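The structure appears below as structure tokens.
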Amino acid sequence: MTVTFPQKSLPWLLLLPQLLITAIFFLWPAEQALEQAFYQEDAFGLSREFVGLENFLDLFTDPLYYQSILTTLVFSFSVAIVGMSLALLLAVMADRVIRGKLAYQTLLIWPYAVAPALAGVLWWILFDPSMGPIALWLKSAGVDWNHYLDGNQAMILVVIASTWKQISYNFLFFLAGLQAVPRSLIEAAAIDGASPFKRFWTIVFPLLSPTTFFLLVVNLVYAFFETFGVIDATTKGGPGQSTTTLVYKVFDDGFVGLDLGGSAAQSVVLMAIVGLMTVIQFRFIERKVQYS
Amino acid sequence: MTDVILEKVGKTYPNGYHAIPSVDLTIEEGEFIVLVGPSGCGKSTLLRMVAGLESISTGELRIRSERMNEKEPAERDIAMVFQNYALYPHMSVYDNMAYGLKNRGMPKDQIAEKVSDVAAMLGLTELLQRKPRQLSGGQRQRVAMGRAMVRDPKVFLFDEPLSNLDAKLRVQMRVEIRQLQRKLGTTTLYVTHDQVEAMTLADRLVVLNKGKAEQIGTPMDLYNKPATPFVAAFIGSPSMNLIDANLTEQGIKLSEALTLPLSHQHRGGIVWEFVQSTWK
């Protein structure tokens, strides 16, 4: 639908709030980061020196940076795969519930409304080695839980905390996807002699593939860029660098390590990744597989 | 030989709704039975109960004298054609037709043979590699029938299979379905709300109204001797005239001025036959 405005000023006026927000909170900082990436600045921000591509060269010769890329990939794929599998399982079960359907669905959607930092703190308390109920239970079961010392356990903790929040979102999409599968297809498959298990894997799951692909991209983007709060509240990137994802490293190097130039260079790299992922998202999701 | 027997089959939903009080029906082998009635009369429910997609609340269903009530749909040796065809959208025509055979563990070469035979019979050979979305409505309809036919089931079940086609194609497919059924000799239960379809296809019709079988008989029986006013009004286009009248000693009194004499004995309060010549 096209709306024609009588004069040019009104549409600009209506767009102004959004444009201002984009300019102040995205364009300006992005420009600053881009500029910063080519300078080296002292810790107090009193003087700076143009260093060209040196920040980027440092970055790409730093083994810690590659370590962080690996950490991010492990973390992101774990969050996406664990989160999506559990959400699909829950959606299949919730789809079968007949009595109290709404209550189940509401409860399952709730975690999405919890702020990332709160989710982090919640799991941090549950897993605290000295007083967390889950940590104590694990100890009684013979698992020595201490995510302050064990990098793998720290990774498991941030994956759990981040996944927990994202399951609700995945669940909603899977449930909607399941409900869109025509009943008659399932019935036809039942008459065709497929067991419930086989019906799911040969009929329902392939029909969910557009939803699954969409969620995979969304989950990876989430794990890449939106889990700062969770990581900061639980492990602060540690122990060592074991849970320092790329986004957390930007913060850590810039505001803790006070290497503003290096941090800015990392931001620029991240911006490129975001851009790439957005293109993928639009390319594939805009022309989602259409079944008729 | 009797093939399918419904004995006092009834359906009550968990919410207490009494969809079908009790239906008795005996179907001979190779017979084409059409269930016809207005929307919501329970004809689809009855068909789905035979298929095993709905549970049977009361009574018994037997196919080849074997009780079927507790059997899964797959164990009943039936095949069903759905109103929306229910083709698996992500599978090719070939895979759609082969799916049921694969699930039953038939060897690959036999499946290929079977599918290509049926595809040839239905004129689908050229389309085997296509996906359902690349087919026209009529072609989808054929694939749905092919999927039912490859398995050589004891009973075909059709749930309003032609209602999504345009008028011309519907007439054409009607003829084709009838010819195929004759050729294969498979017992068929066919649901429709279209009385022309019902009258032209059926060996025998079951007219359903509010879950009750109003009349079971051949098309001509129903047309000439409807058992109830409902059947009389439902069958025939334009529909039969129904006139309120009183039954008196002298005959059927339509008004003060006009009384029709009775041809022979009258039954109950309703008289169905009167001498045509009295009109003159």
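Assuming residue A:56 fulfils every condition listed in (1) under 24 Å from the mean Cα position of the chain (by Cα); (2) more than 30 Å from residue A:180 (Cα to Cα); (3) of a type in the set (Phe, Trp, Tyr) apart from one, which condition is it?
(1)
In the range B:44-97, what residues are among the aliphatic types (A, V, I, L, M) and part of a helix (DSSP H, G or I)?
Scanning the range B:44-97 gives B:46, B:47, B:49, B:50, B:51, B:74, B:93, B:97.
Just a yes or no: is a residue in the range A:244-251 without any contact (Cβ under 8 Å) to a residue 24 or more places away in the chain and either among the acidic types (Asp, Glu) or on the phi > 0 side of the Ramachandran plot (or both)?
Among the residues of the range A:244-251, not one is without any contact (Cβ under 8 Å) to a residue 24 or more places away in the chain and either among the acidic types (Asp, Glu) or on the phi > 0 side of the Ramachandran plot (or both), which makes the answer no.
Given the conditions (1) out of contact with any helix residue (DSSP H, G or I) (no Cβ under 6 Å at 6 or more places or on another chain); (2) within 18 Å of residue B:147 (Cβ to Cβ), and given that residue B:26 satisfies all but one, which numbered condition is not satisfied?
(2)
Residues are listed down the side, and each one gets a yes or a no for (1) within 21 Å of residue A:214 (Cα to Cα); (2) out of contact with any strand residue (DSSP E or B) (no Cβ under 9 Å at 6 or more places or on another chain); (3) small (Gly, Ala, Ser):
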{"site": "A:60", "(1), (2), (3)": "no, yes, no"}
{"site": "A:77", "(1), (2), (3)": "yes, yes, no"}
{"site": "A:85", "(1), (2), (3)": "yes, yes, yes"}
{"site": "A:126", "(1), (2), (3)": "no, yes, no"}
{"site": "A:129", "(1), (2), (3)": "no, yes, no"}
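For residue B:129, which of the numbered conditions (1) under 25 Å from the mean Cα position of the chain (by Cα); (2) more than 9 Å from chain A (Cβ to nearest Cβ); (3) part of a loop (DSSP other than H, G, I, E, B); (4) of a type outside the set (A, V, I, L, M) fails to hold?
Condition (1) is where residue B:129 drops out.
Can you tell which of A:191, A:109 is β-branched (Val, Ile, Thr), touching a Leu at 6+ places or on another chain (Cβ under 9 Å) and within 14 Å of chain B (Cβ to nearest Cβ)?
Every option except A:191 fails the conditions.
Are any residues in the range A:86-106 under 21 Å from the mean Cα position of the chain (by Cα) and farther than 23 Å from residue A:196 by Cα, and if so, which ones?
Scanning the range A:86-106 gives no hits.
Quick one: which of A:64, A:57, A:46, A:10 is surrounded by 10 or more Cβ atoms within 10 Å (Cβ to Cβ) and either modelled with pLDDT under 80 or over 28 Å from residue A:242 (Cβ atoms) (or both)?
Going through A:64, A:57, A:46, A:10 in turn, the sole match is A:10.
Quick one: would you say residue B:78 is within 19 Å of residue B:152 (Cβ to Cβ), touching a Leu at 6+ places or on another chain (Cβ under 9 Å) and either without any contact (Cβ under 8 Å) to a residue 60 or more places away in the chain or away from every other protein chain (no Cβ under 14 Å) (or both)?
Answer is no for this residue.
Taking the condition under 30 Å from residue A:180 (Cβ atoms), more than 14 Å from chain A (Cβ to nearest Cβ) and in contact (Cβ under 8 Å) with a residue 24 or more places away in the chain, does residue B:137 pass?
Working: under 30 Å from residue A:180 (Cβ atoms): yes; more than 14 Å from chain A (Cβ to nearest Cβ): no; in contact (Cβ under 8 Å) with a residue 24 or more places away in the chain: yes.
Judged against the criteria, residue B:137 is not a match.
Can you name the residue in the range A:197-209 that is without any contact (Cβ under 8 Å) to a residue 24 or more places away in the chain and within 26 Å of residue B:145 (Cβ to Cβ) and is also nearest to the other protein chains (Cβ to nearest Cβ) among such residues? Reasoning before the result, please.
Step one: list which residues in the range A:197-209 are without any contact (Cβ under 8 Å) to a residue 24 or more places away in the chain, which gives A:197-199, A:201-203, A:205-206.
Filter once more, keeping what is within 26 Å of residue B:145 (Cβ to Cβ): A:198-199, A:202-203, A:206.
Numbers: A:198: 7, A:199: 10, A:202: 8, A:203: 6, A:206: 4 Å.
Checked the range A:197-209; the qualifying residue nearest to the other protein chains (Cβ to nearest Cβ) is A:206.
Which one of the conditions (1) of a type outside the set (Val, Ile, Thr); (2) crowded, with 20+ Cβ neighbours inside 10 Å; (3) within 14 Å of chain B (Cβ to nearest Cβ) does residue A:171 fail to meet, given that it meets all the rest?
(3)
Scanning for something within 14 Å of chain B (Cβ to nearest Cβ), at pLDDT below 85 and either part of a helix (DSSP H, G or I) or over 30 Å from residue A:38 (Cα atoms) (or both), does the range A:277-288 turn up at least one residue? I'd like the intermediate steps shown before the answer.
Going through the range A:277-288, the residues within 14 Å of chain B (Cβ to nearest Cβ) turn out to be A:288.
Going one step further and asking which of them are at pLDDT below 85, we end up with A:288.
Checking which are either part of a helix (DSSP H, G or I) or over 30 Å from residue A:38 (Cα atoms) (or both) leaves us with A:288.
The answer is yes; a qualifying residue exists.
Select from the range B:81-94 the residues that are surrounded by fewer than 20 Cβ atoms within 10 Å (Cβ to Cβ), within 7 Å of chain A (Cβ to nearest Cβ) and under 22 Å from the mean Cα position of the chain (by Cα) and list them in ascending order.
B:84
Which of (1) within 14 Å of residue B:199 (Cα to Cα); (2) surrounded by 15 or more Cβ atoms within 10 Å (Cβ to Cβ); (3) without any contact (Cβ under 8 Å) to a residue 60 or more places away in the chain does residue B:234 not meet, given it meets every other one?
Here residue B:234 clears every test but (3).
For the range B:185-197, give me each residue that is at pLDDT 90 or above and hydrophobic (A, V, I, L, M, F, W, C).
Within the range B:185-197, B:189, B:191 meet the criteria.
Tell me, please, whether a residue that is on the phi < 0 side of the Ramachandran plot, away from chain A (no Cβ under 14 Å) and of a type in the set (Val, Ile, Thr) can be found in the range B:104-115.
no
Among the residues of the range B:10-65, write down those that are among the polar types (S, T, N, Q) and under 17 Å from residue B:161 (Cα atoms).
Those that are among the polar types (S, T, N, Q) and under 17 Å from residue B:161 (Cα atoms): B:39, B:44, B:45.
The values are calculated or read from the model by the stated rules, or taken from the named source; none is laboratory data. What you are looking at is a predicted structure, and each value in this text was computed from that prediction instead of being measured. Cβ: placed from backbone, ideal geometry, glycine included. Neighbour counts: every protein chain shown.
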